[in-house]
Amino acid sequence: MSEITDKTALRAQMRARRRQLAAEQPDAAKLAAARIPLDRLPIFQTFSGYHPLGSEIDPRPLMRRLAENGAVPALPVAASREEPLEFRLWDPREGLEPDAFDIPAPPLWAGAVQPELIIAPLLAFDRRGNRLGQGAGHYDRTIANLRALQPVFVLGLAFSGQELEELPAEPHDERLNAILTETDYIEVG
């Protein structure tokens, strides 16, 4: 079986596992947000979360905690299916509009930013900082582009049960700097 097929099968397996974990642990997002060691994060002015889809762990409790400490929140926006993501400032009091993937995102008039910290959704992770995403490569391309311009700290947000011993990694895969779960904060070397 090829690595691509392996990743495809792994994605299906991990989606099912994540649905189960979400049903079993409805307070995981709040527990994770309470666990974040703010003093171990790099200095950042802006950060990006994401709009949770399906069984993705909800980043909003964590985003509120980071914003309470003075950082400015943003959300990713897909302008097209081929381009890297953009990040636009997000005011929770303002409405969201569907982007190219029909994911709720800040409107066009919201200011664009280059966040220094990105909270990334995932299907699976390992302790080496490998992340299994949905497979389109948007986060990998986006993070690579941002890291070419400035330091960017990428924090994977997940249920602890999404951890695997080892994930297949390809040269274009961007690594996480840390992973936050409802039970642990894992720094990657």
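The values are calculated or read from the model by the stated rules, or taken from the named source; none is laboratory data. All figures in this text were calculated on a predicted structure; none of them were measured in a lab. As a convention, Cβ positions derive from the backbone with ideal geometry for all residues, glycine included, and neighbour counts pool all protein chains shown. With ligands, DNA and RNA removed, areas are computed over all heavy atoms of the protein, side chains included. Shrake-Rupley method; radii C 1.70, N 1.55, O 1.52, S 1.80 Å.
Filtering the stretch 142-167 to residues that are outside any helix (DSSP H, G or I), open to solvent by less than 60 Å² (accessible area, probe 1.4 Å) and either farther than 22 Å from Leu21 by Cα or aromatic (Phe, Trp, Tyr) (or both) leaves Gln150, Val152, Phe153, Val154, Phe159. For the stretch 168-185, the set of residues classified as part of a strand (DSSP E or B) and either among the aromatic types (Phe, Trp, Tyr) or farther than 26 Å from Asp27 by Cβ (or both) consists of Tyr185 only. Scanning the stretch 95-142 for residues that are under 20 Å from Phe47 (Cα atoms), touching a helix residue (DSSP H, G or I) at 6+ places or on another chain (Cβ under 9 Å) and of a type in the set (Phe, Trp, Tyr) returns no hits.
Residue-by-condition table, conditions (1) buried (at least 17 other Cβ atoms within 10 Å of the Cβ); (2) of a type in the set (Ser, Thr, Tyr); (3) modelled with pLDDT of 95 or more:
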{"residue": "Glu82", "(1), (2), (3)": "no, no, no"}
{"residue": "Arg93", "(1), (2), (3)": "no, no, no"}
{"residue": "Asp99", "(1), (2), (3)": "yes, no, no"}
{"residue": "Pro107", "(1), (2), (3)": "no, no, no"}
{"residue": "Ala124", "(1), (2), (3)": "yes, no, yes"}
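Scanning the stretch 12-65 for residues that are in contact with a Gly (Cβ under 9 Å, 6 or more places away or on another chain), open to solvent by 20 Å² or more (accessible area, probe 1.4 Å) and under 21 Å from Pro92 (Cα atoms) yields Gln45, Arg60. In the stretch 85-110, the residues that are under 13 Å from Ala74 (Cα atoms) and free of Cβ contacts under 8 Å to residues at least 24 places away in the same chain form no Cβ pair under 6 Å with any partner that is of a type in the set (A, V, I, L, M, F, W, C) and assigned to a loop (DSSP other than H, G, I, E, B), whether six or more places apart or across chains. Checking each residue in the stretch 112-140 for being part of a strand (DSSP E or B) and within 13 Å of Leu164 (Cβ to Cβ) picks out Ala124, Phe125, Arg131, Leu132. Filtered by the rule that a residue be open to solvent by 80 Å² or more (accessible area, probe 1.4 Å) and out of contact with any strand residue (DSSP E or B) (no Cβ under 6 Å at 6 or more places or on another chain), the stretch 171-187 gives Pro171, His172, Arg175.
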